[in-house]
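*Asks:* Once you've had a glance at the structure underneath, I'll fire off some questions.
We did not get these values from a lab; they are worked out from the coordinates using the rules stated. Please read these numbers as outputs of a predicted model, since none were measured by experiment. So basically every Cβ, Gly included, is an ideal-geometry build from the backbone, and we count neighbours across all protein chains shown.
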Amino acid sequence: MADNGPVMSPSGAAAPTARELVVLGSTGSIGTQALDVVRRAPGRFRVAGLAAGGERVGLLAEQALEFRPEVVAVAKASAAQELQLAFYAEAKRRGYASGDYAIPKIVAGPEAVAEVAAWPCDVVLNGVTGALGLASTLAALDAGRTLALANKESLIIGGPLVKERARPGQIVPVDSEHSALAQCLRGGGADEVRRLVLTASGGPFRGRPRAELADVTPEQAMKHPTWDMGPVITINSATLVNKGLEVIEAHLLFDVPMDRIDVVVHPQSMIHSMVEFTDGSTLAQASPPDMRLPIALGIDWPDRVPGAAAAVDWTRAHTWEFFPLDDEAFPAVALARRAGELGGTVPAVYNAANEECVEAFRAGRLPFLGIVDTITRVMEEHGSGASGELTLDDVLAADGWARARTREATGLG
């Protein structure tokens, strides 16, 4: 990125140069909240690029006109013309005369999002959903960008591939739990850490035995008690597959063995995770459930963005509860541990099978309990995965096989 020197404030003192940001998945839950952080911190960030799948071109056009990026990408090639028309329509709606605005470069197609991930900037926020985010994660790392990672799946399925490409400190977690762990880990050295403790809200079915989950509907699974998220991650939170993915992610991010990463159910979602140290001390990060806080920290790491989100109101009474995880009703976390321990391509199979199962559940082809049951069967068929050094071809092949096998098992093969 070009260095144009410091910007001078009216007083004559040097003001910090705005951090240049690319937002991938800009029309999704993470992306829209990230742009709200930018909006609420004028002068702190400059949006250099936006990328989205192409399903919400009207919103993408609105974002482009507001934040004036240099480039906008849509993964759906057929959406390019639709985006351009939406851009003109939005400009007209805002009353811009011809020439009052600049049309950003528009790139479209399967490689477009990864292309923008390597765009000149300081930070790339990867808010793409699912395994599709892997190419963008690798592109951002290879280009030397700081990667604010909300797309946990790319780290989980890429594993050693992602880690070997990342320089120390290049990946900054955006998940609320891993952001909390990163903050708590500032309180001690690596040799002082005894264990990591991830908190889970328990989802909408916390406390129910397995027998009461047989007839759960997609509408019920979408009613998360504390977080407002996209459909895939919301259902993943209902099955606790999301927490299983987060256990693997914590292992990869912080190099802590799987058997030293615990999960505890915390319904209030105020403590986002904890680190227990060797002397018996535990540090916890607390804040109301608002993703703008970990997003802001992720895109401005190691600095904090003032006013990114509301703080806990310590002037009133609070009751915070913690419960052990019910592995019988929610076996997804134990299954993820198994996938993480086996390593290789097994985490990719776990993730791919889950993504296909979630779609089958939403379409009414698979019962709620069938999600984790099907993942288990597909993992068992896959076995221990690739031996030797993991390659990108290995990951992609395992991902494709798991998707095909899961679609077959759920009636679409």
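*Asks:* Show which lysines lie in cross-link reach of LYS105 when reach means a straight Cα distance below 20 angstrom and same-chain residues fewer than eight apart are skipped.
*Replies:* Those lysines meeting the cut-off are LYS76, LYS92.
*Asks:* If you place +1 on the Cβ of every Lys and Arg and -1 on the Cβ of every Asp and Glu, how big does the dipole about the Cα centre of the chain come out, in debye to the nearest 20? Spell out each step's value before the answer.
*Replies:* Working: 37 positive and 51 negative charges, 203 e Å.
Dipole size: approximately 980 debye.
*Asks:* Something else: At a Förster radius of 56 Å, what calculated FRET efficiency corresponds to the Cβ-Cβ distance of ARG304 and LEU412, to the nearest 0.05? Mind showing how you got there, number by number?
*Replies:* Working: r = 46 Å, r/R0 = 0.82.
Once rounded, the FRET efficiency stands at 0.75.
*Asks:* Here's something else I'd like to know. I'd like the antiparallel share, as a percent to the nearest 5, of DSSP beta bridges with both residues in the chain.
*Replies:* On the way: 14 of 44 bridges.
DSSP beta bridges in the chain are roughly 30 percent antiparallel.
*Asks:* In whole Å, largest first, what are the principal axis extents of the Cα atoms in segment 339-413?
*Replies:* 39, 21, 16
*Asks:* With each run of n ≥ 4 DSSP H residues scored as -39500 (n - 2.57), what mean residue ellipticity at 222 nm is computed for the chain after dividing by its residue count and rounding to the nearest 500 deg cm²/dmol? Don't skip to the answer; put the middle values down first.
*Replies:* Working: 16 runs with 172 residues, N = 413.
Value at 222 nm, helices only: -12500 deg cm²/dmol.
*Asks:* May I ask you to order 47-56, 61-70 by the average number of other C-beta atoms within 10 Å around their residues, highest value first?
*Replies:* Values: 47-56: 23.5, 61-70: 19.9.
Going by the mean number of other Cβ atoms within 10 Å, highest first, we get 47-56, 61-70.
*Asks:* Using the Cα atoms of the chain to build a convex hull, what is its mean projected area in square nanometres?
*Replies:* Values: hull surface 91.0 nm².
Computing the convex hull of the Cα atoms and averaging its projections yields 22.8 nm².
*Asks:* Let me ask something else. DSSP loop GluC sites (Glu not before Pro) in segment 227-282 with at most 13 other Cβ atoms within 10 Å of their Cβ, which ones? Can you show the working numbers first?
*Replies:* Values: sites: GLU246, GLU249, GLU276; in loops: none.
Qualifying residues, ordered by number: none.
*Asks:* Could you please state, rounded to a whole Å, how far the C-alpha centre of segment 51-81 is from the C-alpha centre of segment 178-217?
*Replies:* 34
*Asks:* Now, a different point. Can you list the lysines whose alpha carbon is less than 24 Å from that of LYS223, not counting same-chain residues fewer than 8 positions off?
*Replies:* Within the straight-line limit of under 24 Å, LYS223 reaches these lysines: LYS152, LYS243.
*Asks:* Please grab the % of Cα pairs in segment 177-229 that end up more than 14 Å from each other. Please report the intermediate quantities before stating the final value.
*Replies:* Values: 918 of 1378 pairs.
So the portion of pairs separated by more than 14 Å is 67 percent.
*Asks:* Still on this structure, please answer the following. Tell me which trypsin sites (Lys or Arg not before Pro) from segment 181-235 have a DSSP coil assignment and no more than 16 other beta carbons within 10 Å of their own.
*Replies:* On the way: sites: ARG186, ARG194, ARG195, ARG206, ARG210, LYS223; in loops: ARG206, LYS223.
Filter output for segment 181-235: LYS223.
*Asks:* May I pose another question? Please work out how much length the chain gains when fully extended from ARG194 to GLN84, using 0.36 nm per residue of separation minus the C-alpha to C-alpha distance, in nm with one decimal. It would help to have the intermediate numbers written out before the result.
*Replies:* On the way: separation 110, 0.36 × 110 = 39.60 nm, distance 5.34 nm.
Length gained, ARG194 through GLN84: 34.3 nm.
*Asks:* OK, next. From largest to smallest, what semi-axes in whole angstrom does segment 73-181 give when each is the square root of 5 times an eigenvalue of its alpha carbon gyration tensor? Before the final figure, lay out each step's value.
*Replies:* On the way: eigenvalues 199, 43, 34 Å².
Taking √(5λ) for each Cα gyration eigenvalue gives 32, 15, 13 Å.
*Asks:* Using Cα springs under 10 Å in a Gaussian network model of the chain, which residue among THR146, THR226, THR27 shows the largest mean-square fluctuation?
*Replies:* THR226
*Asks:* Say we join alpha carbon atoms closer than 10 Å with springs in a Gaussian network model of the chain; which of ALA286, ALA402, ALA180 then has the biggest fluctuation?
*Replies:* Most flexible of the set in this elastic network: ALA286.
*Asks:* Now for a separate question. Report the relative contact order of the chain, percent, no decimals, based on alpha-carbon pairs under 8 angstrom and at least 6 residues apart. Spell out each step's value before the answer.
*Replies:* Values: 750 pairs, mean separation 58.1, N = 413.
For the chain, the relative contact order is 14 percent.
*Asks:* Taking each pair of distinct Cα atoms in segment 199-284 once, what is the resulting Kirkwood hydrodynamic radius in Å?
*Replies:* Values: mean 1/r = 0.0702 Å⁻¹.
Taking the inverse mean of 1/r over all distinct Cα pairs, segment 199-284 comes out at 14.2 Å.
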